[in-house]
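Have a look at the structure below, then the notes.
Every number in this text was worked out from the coordinates using simple rules, so none of it is lab data. Just so it is clear, the structure is predicted and the values come from calculations on it, not from any experiment. Glycine also receives a Cβ, built like all others from the backbone with ideal geometry; neighbour counts cover every protein chain displayed.
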Ligand code: GUN
Ligand code: ZN
């Protein structure tokens with residue numbers, strides 16, 4: 001095909017490790033770089049000058065001198081049925097779930113509806129430069145099928161799972177211990193490891209599962225060692241009060257999940273804002289991780305994540321949008337809000353660290369860094385072509401930026417989907433901005 005092998009020439013940034021912003025290590029930046037893709041994989045990355053010295057013909061490149069190429073963004077926590085729950089007024093978590101989210105999720109019993117919604121959701125991610133995500137579907141297995149079918153059609157690397165809930169939600173949204181077990185195992189057998197897809201066991205959160213259901217999830221998790229587990233943890237004060245009522249014998253919120261063997265390296269806990277030292281130490285000890293969801297935490301008034309406290313204790317923290325508690329599909333917007341959340345606590349978030357988190361950091365957290373996250377030779381060619389100046393303010397601000405860090409910080413603070421000109425997955429262009437000048 002036409003893209004069996006091709007090369008793009010632009011500014012290029014990717015990470016090779018957690019960046020050290022003082023030593024200037026952990027990343028590679030080429031102000032005039034070339035990315036060569038072959039059969040959907042990264043063949044080579046380097047400076048144009050260096051490639052020319054080795055006999056490379058720059059004439060084969062499509063050239064974007066003012067654009068930036070970065071690895072595709074990775075979103076470690078997002079709800080596909082909540083696209084149109086975004087911007088629902090006035091409530092915090094528990095009321096927001098009951099008033100807006102559960103009614104929206106009821107519609108996903110209809111497979112055709114779910115397919116159309118999955119299509120819209122994936123388009124939105126791609127136009128925001130997100131190529132991989134860890135996704136909550138709904139309680140309906142057919143909605144999970146719909147999501148995997150659409151992700152497969154676009155050749156995307158995605159992790160997803162059927163939500164399990166057998167109490168404290170509307171009747172129409174409840175499964176049982178046995179149907180949740182059967183549906184989850186069937187979906188694992190059908191989709192886990194198929195093409196670029198993986199499965200995540202998805203008990204929504206402890207308030208909506210009985211102890212019996214959580215015990216069943218623990219059994220499935222232990223029986224299927226390569227699947228993931230995702231749920232919510234300690235997001236909201238009212239939620240935590242509810243946990244105390246429902247699980248009076250538990251030492252703390254995390255202990256509920258611990259009791260049912262749901263901790264571990266492949267366990268991604270959304271939020272984790274209000275954690276005790278014991279909980280943080282237990283997360284670290286079990287290599288369990290937190291998905292930091294800045295726009296959601298602000299929108300739902302949940303609280304400010306203390307990133308330094310988690311990282312100092314050795315807990316892996318990924319970044320995520322949490323659509324539709326979150327208010328933007330853009331990882332750039334998400335990083336901007338993360339920066340502000342940390343500012344309020346006297347912490348800072350350097351743009352190199354932020355952009356690392358959204359790419360290689362999240363890939364490592366999700367144990368996908370052997371396949372995606374940077375431009376190491378042989379990795380899957382998932383990346384975006386980023387316009388650094390799509391709006392008047394960004395153009396003007398970028399003209400003032402003399403250093404890489406300034407350019408990246410302005411991108412992170414001011415950028416969003418308007419910056420994403422093209423998105424590629426496995427070397428295939430899966431999104432291109434129709435109104436962007438260089439497309440003409
Ligand atoms: N806790 C349980 N379910 C949800 C959800 O859908 N969104 C958020 N933000 N928190 C939750
Ligand atoms: Zn969530």
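In cubic angstrom, how much convex hull volume per residue do the alpha carbon atoms of the stretch 312-370 span?
Convex hull of Cα atoms, per residue: 103 Å³.
Taking the chain as the reference, fit the longest principal axis to its C-alpha atoms, fit the long axis of helix 237-246 to the helix C-alpha atoms, and give the angle between the two in degrees, 0 to 90, nearest 10.
The angle comes out at about 40 degrees.
Kindly put 274, 67, 22 in sequence by how many other C-beta atoms sit within 10 Å of each C-beta, fewest to most.
The most exposed by this proxy come first: 22, 274, 67.
Calculated from DSSP H runs of 4 or more alone, at -39500 (n - 2.57) each and per residue, what is the 222 nm mean residue ellipticity of the chain, nearest 500?
Value at 222 nm, helices only, nearest 500: -10000 deg cm²/dmol.
Taking neighbour Cβ counts within 10 Å as the exposure measure, how do 237, 69, 74, 393 sort from fewest upward?
393, 237, 69, 74
I'd like the distance separating the alpha-carbon centroids of the stretch 213-256 and the stretch 388-404, in whole Å.
The distance from the Cα centre of the stretch 213-256 to that of the stretch 388-404 comes to 45 Å.
Once the principal axes of the Cα atoms of the chain are found, what is the range along each, listed largest first in whole angstroms?
So the three principal-axis extents are 67, 48, 38 Å.
Rank the residues 221, 89 as a footprinting-exposure proxy: fewest other Cβ atoms within 10 Å of their Cβ go first.
89, 221
To the nearest 10 degrees, how steep is helix 111-127 against the longest Cα principal axis of the chain, on a 0 to 90 scale?
Once rounded, one gets 40 degrees.
Return the distance in nm (one decimal) between the two label points of a simple spin-label model at residue 285 and residue 367, each offset 7 Å from Cα along Cα→Cβ.
2.1
Which residue fluctuates the most in the chain, going by a Gaussian network model with Cα springs under 10 Å, if the choices are 24, 167, 204?
Result: 24 has the largest fluctuation of those listed.
Taking the simple approach of a point 7 Å from Cα along Cα-to-Cβ for both residue 312 and residue 63, what is their distance in nm?
Taking the two extended label points, one gets 5.1 nm.
Measure nothing but the geometry: give the 0 to 90° angle between the long axis through the Cα atoms of 141-153 and the longest principal axis through the Cα atoms of the chain, rounded to 10°.
Computed tilt is about 10 degrees.
What do the square roots of 5 times the Cα gyration tensor eigenvalues come to for the stretch 166-317, in whole Å, largest first, as semi-axes of the equivalent ellipsoid?
Equivalent-ellipsoid dimensions as semi-axes: 24, 19, 15 Å.
Pick out which of 26, 326, 361 has the largest mean-square fluctuation in a Gaussian network model of the chain, springs linking Cα atoms closer than 10 Å.
26
Can you give the relative contact order of the stretch 73-329 as a percent, counting alpha carbon pairs under 8 Å and 6+ residues apart?
20
As a test of understanding, state the convex hull volume per residue of the stretch 73-329 from its alpha carbons, in Å³.
Output value, Cα hull per residue: 108 Å³.
When the chain is treated as a GNM, springs tying every alpha-carbon pair under 10 Å, which of 190, 162, 371 comes out with the largest mean-square fluctuation?
Of 190, 162, 371, the most mobile in the Gaussian network model is 190.
For Cα pairs less than 8 Å apart in space and 6+ apart in sequence, what is the mean separation divided by the residue count of the chain, i.e. the relative contact order in percent?
Relative contact order of the chain: 19 percent.
Measure out, as a whole number of angstrom, how far apart the alpha-carbon centroids of the stretch 163-208 and the stretch 1-35 sit.
38
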